[in-house]
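The numbers here are math on the coordinates, done by the rules we state, and not lab data. If you're wondering where the values come from, they're calculated on a predicted model, not measured in any experiment. Every residue, glycine as well, gets a Cβ built from its backbone with ideal geometry; the counts of neighbours run over all protein chains shown.
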Amino acid sequence: MRQSVYIRFAIFLIQQDVKREEAVWRHQQRRVSVYLPVPSPHLLRDVGVENDGRIALSHLVHAERKVRHLRRTLRFRHNT
């Protein structure tokens, strides 16, 4: 007896969700860890390191957005 289309679709969605969760887990495990002998959490945050010694992704996302914006503005600058 064949499975229903809805059951197959539900199985597909669950498999995709499991794959996504595994990818997120692998991404978090691969994050670069650094050791800085500075105990101040404020200084670590300024440098771009979280409290557990790993590079903060939020700073990278902000930096990438800023670079993308600067490239866009510099590319469309007209010399008149």
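Assorted remarks:
- Sub-7 Å Cβ pairs linking a first residue in segment 15-44 that is closer than 11 Å to Ile55 by Cα to a second residue that is among the β-branched types (Val, Ile, Thr) and not in a helix (DSSP H, G or I), at least 6 apart or interchain, are Arg31/Ile55; Val32/Ile55; Val34/Val49; Val34/Ile55; Leu44/Val38, ordered by first then second residue.
- Among the residues of segment 1-47, those that are under 27 Å from His62 (Cα atoms) and either outside any helix (DSSP H, G or I) or touching a Pro at 6+ places or on another chain (Cβ under 9 Å) (or both) comprise Arg31, Val32, Ser33, Val34, Tyr35, Leu36, Pro37, Val38, Pro39, Ser40.
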